[in-house]
Amino acid sequence: MNSKHFILSTLFFVLPLFLLSQRTITGVVKDKSTAEPLIGANVTDRDNPSSGTITDIDGRFELTIDASTVALRISYTGYTSLEVP
């Protein structure tokens with residue numbers, strides 16, 4: 001087998017495992033008392049803060065995380081941080 005076939009074969013076996021180990025989470029972050037969307041709120045993997053995003057103008061976010069992630073941490077200036085399982 002030449003090296004091109006080996007690399008291609010390896011990708012077919014490794015890529016599905018990588019894709020199965022991740023999931024995409026979507027949601028909306030709103031102020032609890034006013035129900036207004038929070039623009040620019042930080043949404044991160046609790047155990048891996050470098051994996052995160054911020055909410056858009058409608059308070060929406062989309063974040064791809066490891067399947068092993070236990071909770072998301074949501075933070076916003078002036079608010080108490082929240083952890084969501």
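Computed over neighbours whose Cβ is under 14 Å from that of D58, the net charge equals -2, Lys and Arg +1, Asp and Glu -1.
Here segment 32-85 is treated as an ellipsoid with the same Cα gyration tensor; its semi-axes, largest first and in whole Å, are 20, 12, 9. Restricting the calculation to alpha carbons of segment 17-62 gives Rg and Dmax of 12.5, 42 angstrom. L82 sits with roughly 100 Å² accessible to a 1.4 Å probe, with DNA, RNA and ligands left out of the calculation.
The values are calculated or read from the model by the stated rules, or taken from the named source; none is laboratory data. Computed from a predicted structure; not experimentally measured. Cβ sites come from the backbone with ideal geometry, for glycine too, and all protein chains shown count toward neighbours. Surface accessibility is based on the protein's heavy atoms, side chains included, excluding ligands, DNA and RNA. Shrake-Rupley method; radii C 1.70, N 1.55, O 1.52, S 1.80 Å.
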